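See below for the structure under consideration.
Rule-based calculations on the coordinates, nothing more; no lab input. Keep in mind that this is a model prediction, so the values were computed, not measured. Heads up, the Cβs are rebuilt from the backbone with ideal geometry, glycines too, and the neighbour counts pull from every protein chain shown.
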Amino acid sequence: MVSSGSPPLLLTNYRGGGIGDFGLTLEAHLRARLNGLTTEETSIDGRGSLGQATRAAVHPGLLIVNLGLTAWGRSGPRNLVGFTAIGTHRALGYPTKVIVHHAIEIFDLRETGYEVSPLVLKGAHLALAQVKDCELIVFSPRLRDMLADLYGARRLWLVPHPGELGRKRVSGTTPGRAKVVHAGYWAPYKGIDRFIEIAGRMKDRAEFVLVGRPHSALSSDTGFRQKVDEWTALGQRAGVRMTGFLSHAELDDEFSTLTVGLLPYTSVSGASSSFNLFAERGIPVVATDLPEFRYLETLGAGVLIAPPTVDGLSSAIARLLDDRELWLALSKRQVEFVEKFSWDRFVGTLLAAPVGPHTAGSNPPGA
């Protein structure tokens, strides 16, 4: 390993999506610990991609990478060049830590929001293969295993998506109508159709709120925009209140009364950052029975797993609305979960501990 006194370089995804917003929080926590951190943010239209790739490849120090598979837009060649530059940085002997949010093989291609051709599939696999020898950080056991089995990655750290300490917590006792909230960027796999149908059934039990906006990278697709129009019309008829994007302070106000988070996803391609919006505030979550949510449950999160049907999810919501002791017990678990897997601990370990050889379920020291 080449040693260097150069400050770390953070190469991060353009904002306007979950990965980019993760990068904004990561940058803030890194700057609180490091002097001289340099940040390169990609562009959705690929502007400056060659220069960023060059700077990343030859940076004489730690490179921290937070990218999605379309970090430089929908251009396969641009993204391949970018990921190759990251692999080159590692090949030159410099420390290279890559936060991997997705692999193309993990997606349900019917739910990506845009057409994925065989050529794109091969290109996305080839791009991610360029970083397989770097130190990889993942938030999903399924993704960890996929990177090990399909890509041959051996330096893997599995940890749940970190949560922010110090958010305003929901007590569950504030007067007002109960709320059931779906939060995050709109995409087909997030089960928005299910949420709207459940809202129509249960609108007499609680107020249903859809927080977020359509994903910026998908919004250029005509079919996705038509789907957004359909969701909007159906939601209005079902009585769903659609808030658009909310800041953290606005979320605190929105989550003031008894609240249940609802994540009725039909699939998950990595971690759900939306889950942490609720966990950080001590809000129990009803989630579809998927491996990624089961993983959080086993780690102690306050999540109530439900069958992937409208009936199953509706029953779980009703149970939480009716059973205050259960709500409080799961709320307590959420608080403890975030304290255990906080952003402070995540960044401390990211900077201090090398990612060792892959063994199922293993984490670096201090994780």
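Here are the numbers for this structure:
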read-out: Nearby lysines by direct alpha-carbon distance to K332 (threshold 22 angstrom, same-chain neighbours under 8 apart not counted); value: K168, K179, K340
read-out: Percentage relative contact order, the chain, counting C-alpha pairs under 8 Å, at least six apart; value: 16
read-out: Which of H102, H182 has the fewest Cβ neighbours within 10 Å, and the rest in rising order; value: H102, H182
read-out: Relative contact order, percent, segment 1-152 [alpha-carbon distance under 8 Å, six or more residues apart]; value: 23
read-out: Computed helical MRE - 222 nm, the chain, DSSP H runs ≥ 4 contributing -39500 (n - 2.57), nearest 500; value: -13000 deg cm²/dmol
read-out: Spin-label proximity, R201 to segment 314-355 - amide N less than 19 Å from point 7 Å beyond Cα toward beta carbon; value: 314-323
read-out: Size of charge dipole - segment 38-164 - debye, nearest 20, with Cβ of Lys, Arg +1 and Asp, Glu -1, no other charges; value: 320
read-out: Ranked packing of 166-179, 255-268, 272-285, 290-303, most packed first, by mean Cβ within 10 Å; value: 272-285, 255-268, 290-303, 166-179
read-out: Nearest-ten-degree value, helix 343-352 long axis tilted from longest Cα axis of the chain; value: 20
read-out: Nitroxide proxy distance, nm - points 7 Å out along Cα→Cβ at L150 and F245; value: 3.0
read-out: Mean-position separation - Cα centroids, segment 231-306 and segment 330-345, in angstrom; value: 16
